[in-house]
Structures are given as C-alpha cells and as structure tokens.
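Worksheet: one structure, shown below.
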Amino acid sequence: MTEEATTQEDLEGVVLHSTFNRKIVRYGNRIVKSGPDLRPSEAETMRFIAENTNIPIPRLYQDNSVSERSITMEYVPGERLDMVWNTLPEEQKLSLADELKGILAELRALKGQYIGSLNRGHAIDGRKFDFAGGPFLTEGSFNQFLLSDALKATPTVLRDIALRALRTDHEIVFTHSDFAPRNMIVKDGKIAGILDWEYSGWYPEYWEFVKTLNAADHRVNWYNYLGLIFPTCYETEYINDRFLGSIVRH
C-alpha cells in the first residue's frame, strides 16, 4: 500500500465494526466508537482503570458521549486473542493465562460498596438484551432485580427456588463483565490491551466468571484455561445463572 493510499485511508477511516446502534471506525492511530446507546460510564471507567491500575487499555483522547455519543481512543496494534489463541504453542498460552490472572487480580483488588456502574450508575445484566436497574446497596436487592424480569408464565415455586439459590454474601469487586478473548489484544506474546469496558462496574465477585462463560465461543479453547486465569471458579453460581437465564425475558 502506498503512503498516499495510507494517508487517504486514515482520513476517511476504516470501519472495524458496524451495527444499527454501534459503529467503530479507525482513523490512523485512533479509534472512534459511536452510537445512540453508548454509555457515558464506559469513558469514565477507562479513566478510572488508567488511574488505579496497571492494566493495559487504550488511551482515552476524547469523550463526547453525552452530546455526540462518541468516544475517541488510541488504536492498540496487535491481534485479537480469540483469532490466534488456538494456533499458539502451549508455553505461550500458559504465559498469557498467567498474565490475565494478574490483570484479574488488579481488578478484584478494587472493592465496592454498591452494585452498579461507576459513580452510582445502573447495574446492567446483558443477555438477549440489556436489563438495567439500581444501583443496589445489597446483593439481596440485586438478586431481586435479576428476577424482576421473570417471564409471567414462570411458576411462583420456580421464582422462589431461584431467589433462595442466589447468595447474598459475595464480596463486591470491580468487574469488566465481558472478559472474553475477543476483547483482548495480544502483541509479541503479551497482552497489549483490554477493550470494551461498557458493561463494567461494581458487581458480586462471581459475576466476572459467569459473564465470561455466558459469552463463550467454545471453538476457542481459551476457556479450557479458566482454572488458571480465575482465582476461583464459581460453578454453583454459573449453574444458578443458567437457570435464571431460562426464566427471564432478557
């Protein structure tokens, strides 16, 4: 590609992702993420993570999410982890798993006093569509919120069983909420960036594990390494959440 063509491409932008409500365009070394449903909390979260951790994330250049509904951030060069994971040698997979374990440890070291996004924003449960409410001062009230969208045809006994199965004593920690290899950029054998912080916030300690599995593409055997990445695998909470997903509208 010629220098002139590259310059023209940078000026016009390259569309990396586009749906009816979201668009991501690359302009040279910058990315513009825009859409009518862009959440102000995403830019706030990126600032928070940059100030309070050593986690590699894109540098935030501009946030117009209130008026223009867009975020301008640094383009992180490299490859999406889900696109290359299956081709990596075992030694490199183990090294990346250990690096991701450290990133999770930094997130989980940040403790919260409520359940919701930064600055006491809504909690979001994303499944077939996003269901928002809160913030919630207790895990019990958060559990009731999760069940409040149950299908009308759900028998009362099943609602009661689901509510009793959901614990109320988890620690509240900072959570990415979409900790999946498609949101990880790798370069030279290292994690170069963790992307897509729009669902992040303060959630019960099991939330990260459950949401990671809910977003799983099991063609990528990264998920076989979760026991090395997560300090605790919340199997019971995952089974409870799968049942919950079968009785709620969203």
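Potential lengthening of the chain between residue 62 and residue 50 amounts to 2.9 nm, from the contour at 0.36 nm per residue minus the alpha-carbon distance. The packing ranking of peptides 161-170, 233-242, highest mean first, is 233-242, 161-170, where packing means the average number of other beta carbon atoms within 10 angstrom of each residue.
Note on the chain: Lys pairs 8 or more places apart or on different chains, Cα atoms under 27 Å apart, count 23. Between residue 173 and 112, 203, 205, the built amide H atoms are under 5 Å apart, and every one of these is 5 or more places off in sequence or on another chain. Applied to the stretch 185-200, the Karplus parametrisation 6.51 cos²θ - 1.76 cosθ + 1.60 on θ = phi - 60° returns per-residue 3J(HN,Hα) values of 9, 10, 8, 6, x, 10, 6, 9, x, 9, 10, 6, 9, 5, 9, 6 Hz, with x for Gly and Pro. Less than 5 angstrom separates the built amide H of residue 76 from none of the residues sequence-distant by 5 or more or on a different chain. Sequence-ordered 3J(HN,Hα) estimates for the stretch 25-34 from the Karplus curve with 6.51, -1.76 and 1.60 and θ = phi - 60° stand at 10, 9, 10, x, 9, 10, 10, 10, 9, 9 Hz, glycine and proline given as x. Taking amide H positions as modeled 1.01 Å from N, with prolines and chain starts lacking one, the residues under 5 Å from residue 193 and 5 or more places away or on another chain are 185.
Placing +1 on the Cβ of every Lys and Arg and -1 on the Cβ of every Asp and Glu, with no other charges, gives the chain a dipole of roughly 740 debye about its Cα centre.
Remark: the stretch 214-225, residue by residue, has Karplus-estimated 3J(HN,Hα) of 5, 9, 5, 10, 6, 6, 9, 7, 3, 5, 6, 9 Hz, where x stands for each Gly or Pro and the curve is 6.51 cos²θ - 1.76 cosθ + 1.60 at θ = phi - 60°. Springs between Cα atoms under 10 Å define the GNM used for the chain, and in it the highest mean-square fluctuation of 16, 118, 96 occurs at 16.
Read-outs: derived from the displayed coordinates by stated rules, not from any lab. Just so it is clear, the model here is predicted, and its values are computed rather than measured. Counting neighbours? That spans all protein chains shown, and the Cβs are built from the backbone with ideal geometry, glycine included.
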